[in-house]
Structure formats: structure tokens, C-alpha cells
1. For the pair R88 and S148, what calculated FRET efficiency results from E = 1/(1 + (r/R0)^6), where r is the Cβ-Cβ distance and R0 = 22 Å, to the nearest 0.05?
2. If you rank I52, I402 by how much accessible surface each has, with a 1.4 Å probe, what is the order from largest down?
3. If you count only protein heavy atoms and use a 1.4 Å probe, how large is the accessible surface of E286, to the nearest 10 Å²?
4. For a Förster distance of 25 Å, can you work out the FRET efficiency between the beta-carbons of R588 and D131, rounded to the nearest 0.05?
5. Leaving out ligands, DNA and RNA but keeping every protein chain, what accessible area does E277 have, in Å² rounded to the nearest 10, with a 1.4 Å probe?
6. Let me know the shape class of the stretch 52-147, please: from the alpha-carbon gyration tensor, a ≥ b ≥ c as square roots of the eigenvalues, rounded when a/c is under 1.5, otherwise prolate if a/b is greater than b/c, or oblate.
7. If I ignore ligands, DNA and RNA and count only protein heavy atoms, how much of K320 is accessible to a 1.4 Å probe, in Å² to the nearest 10?
8. Rounded, prolate or oblate for the stretch 526-567? Axes are the square roots of the Cα gyration tensor eigenvalues, ordered a ≥ b ≥ c, and the cut-off for rounded is a/c under 1.5.
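The values are calculated or read from the model by the stated rules, or taken from the named source; none is laboratory data. The shown structure was predicted, so the numbers you read here are calculated from the model rather than taken from an experiment. Quick reminder, even Gly has a Cβ in these numbers, built from the backbone with ideal geometry, and neighbours come from all protein chains shown. Quick note on the areas: whole protein, heavy atoms, side chains included, nothing else; ligands and nucleic acids left out. Shrake-Rupley method; radii C 1.70, N 1.55, O 1.52, S 1.80 Å.
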Amino acid sequence: MLAACALAAISCGEGLLASEVMSNPIGKVARLFNPKLVKMEDRVEFLNRQLISLAAHEEKNLRYGVGCRGARKDPTDAPPSLTVDLGRDFPIDTLFLIPLQSGEGGSIFPKAFKIELSSDAGFSEHRVLYDTGRNIFPDTGGKPVKFSGQGAVARYVRITVWQGSLRGRSEVFGLSELVVISGGFPVSFGCEVSDVGGLRVENMWYPEALTDGRMPLGSWEGGNWADGMVAPESFEVHGVGQAISWGSDFGKTEKLDLLILFPMEIHGMLEASVIPEKLEVRVLAEDEVGFTSVRTWEAPFKGGPQDVPFVLDLGGVSAKAIQINGLEASMVGQVPMFGLSEIQVWADGINIVKGRKVTRSFAGDTADVDYLTDGFASAREIIPVGSWLTQLHDRWRLEREIEALRPMQAQMASESELNATWGSAMMLGLTFLIPVFIVERRRLISRNQIDELRKRIASDLHDDIGSNLGSISLIARTARKDLVRQHGPEGVSQDLGEVESIARESSLAMRDIVWLLERKQDSIGDLVHRMRETATRLLREVDYSIECDSGKAAAKLSLDAKRHLFLFYKEAVHNILKHSGATSVSIRLWDEGDKLALEVIDNGKGLPKVVVDGKEVTKTVRKLDERARVLEGDLVMQTEPGKGTRILLMVKRSLLIAAPNLK
């Protein structure tokens, strides 16, 4: 009989996925006696949760300006290279290499290469940022590859390719884009590119396509959804020669670096994205009466979708206002249409039109609109291109790790379940398990009752209070737009804006409370996942990174520790946003002996100095001190005026982990 039970259990366990195995008794027993399997499954689950908060890779078709290609046609030829001139020296934060779209022949991302930085065109003095040496660079999966700038300052970036992909008798390589981030801004867009061994195809493959800002990865979206609202900025053209214009006044003279236009997604029977296929950029200088044309652009290929943001280098022209004239519409099926979802004008690393009114004129109708500068594209919030590329790179890294762990997890689970099957069959006959079962059942009933109470409290907060706050925010927004459209009292409009802001912040705070009550999200990994979601919401205009190097990501936190750790992190992020003026933030968790370390570093203006007992010391943040004392942790704050701040919290893990009988 025992053998029959064992064989039945084996047949039930064969071929099941990990999630399905966890729901069958044999799978549960196997995991009781194999902590390595549990640890591996927790790691895979943690990685999958991390993927949820990262921007997704959506491959788009680039109909022109696809990228830059090079080749070595003979082994005796000099290795091909690409050199980007940034125009002046910049401190390099990060550098990204964007692969080309995958073709029938597979990826042609360089297999072996070297990246060098220099301040002189001849590279007489240079710094090697990265070199594969004799190694082969791993497959990128179409995702961007990220390199740290390591504090280097440079004007020129050179990539030398030692080995490409064989195509016939030649070694070929290709890149879609090279993006250099400095101070959170892409300083490489619009820069000059020179090459050795380049392959050119008109309007398709050429050196300047390496810095045109067009990448086959989709739009720079990865933040919050646009509350179900799509900006209605698309217009059908019914007359020959009809044009559209968008204009904005900056309030003062600025030196304009880049114009970035995001396409408008048309949803319906035919999915498409549109942006003017021919446009003219005009500017108004301080002493001028009328606008002057500074750039005219026309798509080399007409009649197809425009799926990626359009970047136009303005060359530092001085102006106090800008006008963008759409001269030729895109075709959606057989219908010509004009459309945009967002306009950005960058000057000295700042989007100077964000939140400003845009005057739109079309077919005799002129209106002031605010949804073209609200930070949202057609569906989601726009995030800085450096953060967007970092998230795509992190997704590639996590997916590679999951792909490597899956086979090992499946093999380990199969072996453990086979052993557990025979052990379970032998143990079924032992009657001493019955009292254990009764005690365990009572414990589970008590635990389930507590969980049900938590769920009811969380549900009430989410359904009742959340619904009310959402209604208040929606009503205030609608009323404010009506007042602006009807030129109502400005004071009332400001009050309604404040009501909307308070309601929105209260709703977000309520969501944090609901999360704190959730028992199933009590691990260190869950805390990191929540920290990433909070950073996506709060640091959307800052180049940031979050890394978790803790080997105890599956360990459960006590409710009190979870609350204070999260609020400590949130307070640190709020202080950066309100006071530091930082453009780059680095957040990291790791194990330091028997302690868990949380570090937050920014490049802002630093904390002020105060005099205590005749000595000049750094002013600490009261709320951070209080949280650290409650956690019985060590708090270190290092800062220098104009050079940023480092906050380090170290807490003994034994003070954070929930007791087994309280799980």
C-alpha cells in the first residue's frame, strides 16, 4: 500500500510548474527538508516582482536613421571605430550602447570592443572605460548595455571594435544609439560622429544616426499611468495645405539645446502613432518683433507610423519663445492627421516648458492647452531617458538571471519531490503526526483569522477612503480646468489645485498604509520592490538607481521594522526632492556582517552646517534620527556643501526579522 501511495504521489508531481508544485502536498513536504530549494524559489519570485516595476522593452520599427554600421573587410585592415564629439568636457555619469533591431541574420552588436574617453581629439591622453579583452561580450537580448562613467570627465568617446559578426568574408558590427548621460541629461544627442570603416546607406545607416536620439526600444515611458486620460491632441486634415502650430513663451531668454516631441498614439480600429512628417521650428529673440526660422525637418520616408520620440538639436540658439509648425501630416490609413502627446524644450539640462501653457492653432481655432507639457505621453508618465535606459538594462540583467535559475530550480524540485514522496509514504503510517497536525491546524486557524482582519482593514481603507480621495481629486481637477477655460478667478483655481494635490498625496499615503498591513509583502525583497515603486513615483525627474545586494531578501520583517525602514527611506527621498536640488540619486541595500545596510546618496547641494558647543557640525534631519533610534540602528550622514549627501543606516538583522510565532 505504501508503494502504491508513493507511485501515485510521483505521478501527481511530474511535470508541474513551481507555482503548481507549491499547491500540492508533496511539493510542500519537499521544501520542508530542502532549504536550498526554498531559497532558490524565493530568489526567482523576488526577481519576478522586481520586473513588475521596471519599464518594458517594446521593439519599434525605425523607418529611417536606423543606426550606424561598420566592417573590417580584411583581417589586415585597421579595426573599425566610432568617435563621438560631445562639444565640450562633461563629467560622465553613465554611457549606454543601444543594439540595432534584430534582423534575419541575428544581432550584430560588437562581440569584442574597447571604450575610451579623452579630452583631446587625438586621444594622446585617454582613459579606458571598458575593454572586453579576449572575452566575447554576452548577447544583449536587444536591451541597452550600461557602463558607469567612473567619475571621468571627457569630450570625446571612442569605441574600437576588435571583433564583429561574420557576414561572408567581412566582420560587421552595428549600433542603434550611443547615449552619454551627464547630470541626468543626455549630452550626446545631436553630437558629431566620425568613423573608421563605416558602412553608409542613405537615410538608413550613417554615423550621425548614432546620436539622433531615435532608438528601437519605444517611448521613454515607465512611470505612472495617465489616470486613464489620453491627451486629445490629434487632428484630421480636411484641406490641402492645412498646417498646425504649437507655441510657448518661456518668460525669459534661454539658450535652447534640444526639442523633443513625443508621438500621439491613435487607438481604435487601426493602431498607429503620428507626428508631423514635415515641420519648421521658429524662435523669437529678445530684441526681435517676429519669429525667425531656425530649423526645418522632413521625414525621408513618408506614410508610416512614427513610434519613437523625435529629437531635434537646436544648437544653443537664444530665444524667449518657440513656435513649432507642423507643415505636413502623417497618414493613418488613408486619413492625414497631425498629432503630438508631449513637447519638451531643453536648456542647460532643464525642460523649460514643463507645466507651461502651449498655444495651439489649427484650422482657424486657437486654444491654450496644458496636456502637452504635463509629463505624460499618450498612456504613461515620461521618465528621464537615463532612468528609462537603466530600467531596461536592469530588466535584461534580471531576466538573464531568472533564465539561468529556472533549469536548476526545476531539477532541484524534481529530486526533492522524489525523495519527499518516499519519505512521506513511510511517515504516513506513524500516528505521532496526528497530534502535530492538530496543533499546526489550530495555529493556522489563528493565523488565518489575523490575516482576514488585516485584509478587511486594508480593503476598507482602499475602497472607502481611497474612493473618496479619488473623487475629490477628480472633481477638483475638472473644476480647475473649467475655471481656466472660462477665465474664472485665479485664486479659486489655485485653491482647487491645492485640494487636488492634497487629495492625491493623501491617496498615495493611504496606499502605503495598506501595503504596510499586507502580511504577504513582509520580506526584505518586498520592501525593495515597494521602494522601487516609490522612487518611480517621486524621482521621475531624477536619474536614480536602486540595487539590492542582500542575500537575505526572502527574510520576513516584523511589522514595526517594516514600517520604520520604509518611512526612513521615504523621508530621505522627500528631503532630496524638497531641499537638495539633486540630479542623480543612488540607493542601495546590502548585508554588512550581522547588519542590514541602507544607503542613499545624492549629488545635491548638501546639508547646512550649524554650531554646537562652539564646533561646526552637520545639521541632521530630526525625523531620520528618530527612525534610526526606534530601529536601534547606527545612522551616518556625510555631506559637503555643493557636493551632495550620503545617508547610511545600519541595523542588526536580529532586530528586524519577525519572530517565527509572529509570522
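1. Details: r = 21 Å, r/R0 = 0.97.
Calculated value: 0.55.
2. Values: I52 125, I402 15 Å².
The most accessible residue leads, giving I52, I402.
3. 100 Å²
4. Numbers: r = 26 Å, r/R0 = 1.05.
Efficiency at R0 = 25 Å is approximately 0.45.
5. Rounded to the nearest 10, the figure is 0 Å².
6. Values: a/c = 1.68, a/b = 1.25, b/c = 1.35.
Because a/c hits 1.5 or more and a/b fails to exceed b/c, the stretch 52-147 counts as oblate.
7. Here the accessible area works out near 50 Å².
8. Values: a/c = 3.21, a/b = 1.61, b/c = 1.99.
Because a/c hits 1.5 or more and a/b fails to exceed b/c, the stretch 526-567 counts as oblate.
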